[in-house]
Structures are given as C-alpha cells and as structure tokens.
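Below: the structure, in structure tokens.
The values are calculated or read from the model by the stated rules, or taken from the named source; none is laboratory data. Quantities reported herein were computed from a predicted structural model and do not represent experimental measurements. Note that each Cβ is placed from the backbone with ideal geometry, even for glycine, and that neighbours are counted across all protein chains shown. Areas reflect the complete protein model, heavy atoms only, side chains present, ligands, DNA and RNA absent. Shrake-Rupley method; radii C 1.70, N 1.55, O 1.52, S 1.80 Å.
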Amino acid sequence: RGANPAASNELFTVRSPNVIYTEDAIKSTYTYRTTKVTKAGNKYVAEPLDTVYDFNVQRKVGKVGLMLVGWGGNNGTTVTAGIIANRDGLTWETREGPRGANYYGSVIMGSTIKLGNEAETGKEIHIPFRDILPMAHPNDLVLGGWDISGMNLADAMDRAAVLEPDLKRQVRKEMQDMVPLPSVFYPDFIAANQEDRADNVLKGTKEEHVEMIRGDIRKFKAEKNLDKVIVLWTANTERYAKIIPGVNDTAQNLLAAVKAGHDEVAPSTIFAIACIQEGVPFINGSPQNTFVTGAIELAEQHKSFIGGDDFKSGQTKMKSALVDFLVNAGIKLTSIASYNHLGNNDGRNLSEQKTFRSKEISKSNVVDDMVEANSVLYKKGEHPDHTVVIKYMPAVGDSKRALDEYYGEIFLGGHQTISSDKLTVIRSMSNVCEDSLLASPLIIDLALITELMTRITWKSHTSNGVGTKDYKGFHSVLSILSYMLKAPCTPPGTPVINSLAKQRAAMSNIFRACVGLDPESDMTLEHKLF
Ligand code: NAI
C-alpha cells in the first residue's frame, strides 16, 4: 500500500494508506460522511453516517473523438476553430492588438482548486482543475459530426460571424476539409425558418436513421483510430416531444415507436438511442426533452451515459450564482425579470413559439431548489415571480444581450433592486457577449468530464469494511455535469441542484474522493484556533 510516483503527466501523488497507484489505475478507499435526519415529533434528530466506497480511476485516457450534432452551427464552428487555435498556439490581430488562443471560460482548463496547505507555511496550494485526475486535453480531441447544412466548416464559420478575420484566415484551410455528415431532419421539430439550410439530410425511416447514426459513429471511430467517442448535441433547439403513454414512456415502447416511425420521436432522441445502443455517451446541449423516460430507461439498460440539458452559459449561470447568494444572504427575492435579444441562427430558430417554449421551460426552473431550501423566507409552495423574454434581433448577430432585474424584500419591508439599467447598483448584470464564445468552453468541459466518467468505477463496503460488490460505473444520467447545464437531468427520483457553487463543489469533491482526499470544506480551522 502507499503511493507510487505520479505518472509524468500527473502533478501530484497522494500519500495515504487509503490510496494505491498501479500502472493502470488510481485506487482509493474513501469514507463518505453524510448526516441522516429523522423526525421525532416536531423535532429533528441528526446522525452522522459513514459509507465507505472504493473508487478506481483508469489512468490511461486514450484517443478521444468528439462528434457534434449541429457541427456547422455557431457553437460547432467556434469550438472547432478554438481547438485548432489552441493546438497550434495561434495568435491573431484584432483592432485592440494581438490576441492568443486560450481556454478561458472552461472550468476544467481555466480554473484551479485547492489541493491543501503547504506543510511549513500553511499557505494554500492551488492546482489547475484539470490536474486533479488524469484527463483528456482538448487539444487532442478528434472532431467530427453531423449537420443538416452541408456547408464545410470554414464557410460555416464565416456564416456564424463570431470570430476575428485574422483568426479565421489561419484556421480556414484545415476547416475547409471538414464537412458535416448528413443528419436526421424532421422539420416539424424546429422552426420553419430553418428549412432553407437543410440540404444535407438522411433519407429513410426512423429505424434506419438510428442504424445510420450508429454506423457513422463506428466508422469515425475506426477511421480515426479512436479509443472512445463522445457525441454532443449542439444543434437547433427542438420543440418538446409530446409525452404519450405507450410511445415514449418506456424503453421498449420508445424502440417500438422508432420502428413504427412515430411522429413524436425527435431527431435528438434518435441520436440518443443510437449512442445508447452503441455504448457511446450522449450529451444534450439544447433545452428540449430529448431524454423522454423511455430514453433514460434505455440508457440504464445499456449502462450507457447520457447528460443534459441546455448549456448554462451566460444569463442563467449568473442567475444560479446570484439567486443562491441572495437567498442564502437572507434576502427575500420576490421577482426576476429576464430579457434577451439575439440575432444569430439560434435566435431565429427560437422566434417560433414551439421552440421558444422549450427554452422558456429550461430557463424558468433554475431557482426552484434554492427557494425551496429556505423555509424562513418562503412558505411552502411560495415562489418569486419569474419571467423570461427572448426576442430575435438580427442586427446584433451572435452578440447576445441579456438584461435582468432582481427585485427583493429586505429588512423591515424595504426593497432592493438589482438591475442593469440602474448605474447605482451592480452594473454587470447586463450580460453582453458572443454567445458561442461562452458555449464553446462548456462543450469542452462537458466532453472532458464525460470522458473522465467513463474511466471511474466504484463499489461500496459493508459495515465490516469488506468490499462486497464488483466495481461498476456511475448512474447512466451524469448529474455531475450540472454545472454546465441550465436544466440538469438527474437520475429518476433524485433532486436537481441548480446552485452554481454547489454544482462546482460536487464536481471537485467527487474528483478529490477518487484520489482519497476529503472534500474541500473551507473551514480553515488551522487559521482560526490560535
Ligand atoms: P446554430 O443555429 O448556429 O447551430 C445549430 C446547427 O444545428 C445549425 O448549423 C443547424 O443547421 C444544425 N441542425 C439543426 N437541426 C439539426 C439536426 N437535426 N441534425 C444536425 N444538425 C442540425 O445555434 P448555436 O448558436 O450553435 O446553438 C446551438 C444550440 O445550443 C441551440 O439549441 C442553442 O439553444 C443551444 N445553446 C446555446 C448557447 C450559447 O451560449 N450559444 C447556450 C445554451 C444553449
């Protein structure tokens, strides 16, 4: 027992009787400490509860492919150009001077976590988030994907109008040879205004479409010599599929509905089914209900990973941090008004009621858990008013404007307004930026974390400390991805956590547990007791 030296690409080693390094794996035994609460009359009894788990993390990452559905869109082209720019270490001229490639906005690539305190000085030691466990590097991802528009990625990047001309010039040659595979197109699921770009669509039945997508994944994997593939939906927002008993409620019914070519099976669900059956993780970056209960059940049956829904990039990310702060500060938030206008193709697609509705639902539920957790401020069922408006305004292109007003009740009936149009309060609530520059790093984080989750297995101990069961993977629904997602999909019957801080802590603490380290508690008792 004990620590072997870290591999050359690993930044630290854990020295602990609970952690073993083998050539292939990091194995840890970890005591998960929670608090069990029972109700005794009108009082609670809180009891510390320990559960011992073994974790096993494979150290070899292998060669990873990332296939994007909607590859030719604003996000698809921006993330592709961004990865090429980073891989090649590009710099480019802008009117504000030269700029260089980076991964800002990616929690994995751009942020750090505290490892511990330096022995002599007590100083905090922070390491890049990506070094907590062996992870894939985005520069090494092999990209591919599908789009209903057959335009090559260089021209599609021009169409997106997101990146600087000098950057585009440098990545153009490589992107010209990237052409999306034909995709599944059922016009009824997206806005009618998208039809004019749909020149690259698969023929055949729904059942055949599943097989074609599976074939595409297998071919990509073989041709590029990949160890694994991850598929991520960054295509148009679809309308919600109607939930119909007997059609999409169970895995069996869903597969029968595909066979029968049922109208309520969406293109994104066809992709999900193909990936699940192929054993390839599938992440949904858009708001629609791709993961109908039948799809979740199918993923569970195949022990295949799924994650979603809807990238949490700008306004909602801020909301899930700010509401957490306000409610936990004891301020009674009573209304949130959120206005957006944007002029890219996403905005165009959202200008129809049916697709807007998917986005509205996804944006609306993000404060529920934080409000529900505070029974001092809110009576059971009480909720702040919350309105979301999205308008298509072609002139602003990908530069989305998000304006928020938070209105709350403070001490003795006073009020606080936090809004973008009042210079006296927090000015930064108005969020203006290229949407795709926010979403692209999230795509990278989703891919890296999902890949990592394919290498982590666990088993639990009995009370006498003996491991009983075989190692197995995490639940099919990867709720660990919640930080990056507006409407996190969680295993059936488990709570949704929207608070940004909690979502980040879940990620970093689960990864710490995998190397046998306790959660970062922020108690800093060592500095408080002298
Ligand atoms: P976009 O409209 O530029 O790109 C979507 C691409 O998907 C288009 O190229 C379109 O041709 C393609 N497409 C449509 N249906 C398809 C299908 N069935 N199969 C394959 N390709 C298909 O949109 P953008 O800005 O790249 O956003 C993509 C998605 O991500 C949208 O649903 C959007 O709501 C979502 N999202 C974006 C955020 C951001 O910050 N950019 C934040 C949250 C979500």
* Tell me, which strands (runs of 3 or more DSSP E) wholly within the stretch 123-241 include 1 or more residues that are within 16 Å of the ligand (Cβ to nearest atom)? -> 142-146, 228-233
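Is at least one residue of the stretch 80-89 away from the ligand (no atom under 16 Å from the Cβ), closer than 30 Å to R172 by Cα and polar (S, T, N, Q)?
Initial filter on the stretch 80-89 (away from the ligand (no atom under 16 Å from the Cβ)): 84-89.
Right, trim to closer than 30 Å to R172 by Cα and you get 84-89.
Next cut, polar (S, T, N, Q) only: 86.
Yes, because at least one residue in the stretch 80-89 is away from the ligand (no atom under 16 Å from the Cβ), closer than 30 Å to R172 by Cα and polar (S, T, N, Q).
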* Asked: Got at least one residue in the stretch 504-513 being within 16 Å of the ligand (Cβ to nearest atom) and modelled with pLDDT of 95 or more?
  -> no
* With respect to G65, is the statement that it is touching a Phe, Trp or Tyr at 6+ places or on another chain (Cβ under 8 Å) and surrounded by 13 or more Cβ atoms within 10 Å (Cβ to Cβ) true? -> yes
* **Scan of the stretch 496-526 for residues that are surrounded by 18 or more Cβ atoms within 10 Å (Cβ to Cβ) and touching a strand residue (DSSP E or B) at 6+ places or on another chain (Cβ under 7 Å), ordered by number** => S508, A513, C514, V515, G516
* Of all residues in the stretch 465-502, which are touching a residue at least 40 places away in the same chain (Cβ under 8 Å) and within 16 Å of the ligand (Cβ to nearest atom)? -> L481, Y483, M484, L485, K486, A487, P488, C489, N498, L500
* **Subset of the stretch 324-361 [under 28 Å from N75 (Cα atoms) and either without any contact (Cβ under 8 Å) to a residue 40 or more places away in the chain or acidic (D, E) (or both)]** => D346, E352, Q353, F356, E360
* Asked: Of all residues in the stretch 79-102, which are open to solvent by less than 40 Å² (accessible area, probe 1.4 Å) and in a strand (DSSP E or B)?
  -> W92, T94, G97, G100
* Could you figure out which of (1) in contact with a His (Cβ under 6 Å, 6 or more places away or on another chain); (2) crowded, with 22+ Cβ neighbours inside 10 Å isn't true of I213? => (1)
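Quick check: is even one residue across the stretch 271-285 within 16 Å of the ligand (Cβ to nearest atom), surrounded by 22 or more Cβ atoms within 10 Å (Cβ to Cβ) and part of a loop (DSSP other than H, G, I, E, B)? Break it down into steps so the answer makes sense when it comes.
Just the residues of the stretch 271-285 that are within 16 Å of the ligand (Cβ to nearest atom), to begin with: 271-275, 282-285.
Then drop every residue that is not surrounded by 22 or more Cβ atoms within 10 Å (Cβ to Cβ), which leaves 271-275, 282-285.
Then drop every residue that is not part of a loop (DSSP other than H, G, I, E, B), which leaves 285.
Checked against the condition, which is being within 16 Å of the ligand (Cβ to nearest atom), surrounded by 22 or more Cβ atoms within 10 Å (Cβ to Cβ) and part of a loop (DSSP other than H, G, I, E, B), the stretch 271-285 yields at least one hit.
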* Please specify each residue of the stretch 475-488 satisfying the condition of being part of a loop (DSSP other than H, G, I, E, B) and either among the polar types (S, T, N, Q) or open to solvent by 20 Å² or more (accessible area, probe 1.4 Å) (or both). => H475, S476, A487
* Scanning for something open to solvent by less than 60 Å² (accessible area, probe 1.4 Å) and either polar (S, T, N, Q) or more than 26 Å from the chain's Cα centre (by Cα) (or both), does the stretch 218-233 turn up at least one residue? -> no
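Hey, among G76, G105, which residue is open to solvent by 20 Å² or more (accessible area, probe 1.4 Å), within 16 Å of the ligand (Cβ to nearest atom) and touching a residue at least 40 places away in the same chain (Cβ under 8 Å)? Can you show your working first?
On the way: G76 fails: open to solvent by 20 Å² or more (accessible area, probe 1.4 Å).
G105 is the lone residue from the list that is open to solvent by 20 Å² or more (accessible area, probe 1.4 Å), within 16 Å of the ligand (Cβ to nearest atom) and touching a residue at least 40 places away in the same chain (Cβ under 8 Å).
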* Asked: Conditions: (1) of a type in the set (D, E); (2) within 24 Å of P187 (Cα to Cα); (3) modelled with pLDDT of 95 or more. E297 meets all but one. Number of the miss?
  -> (2)
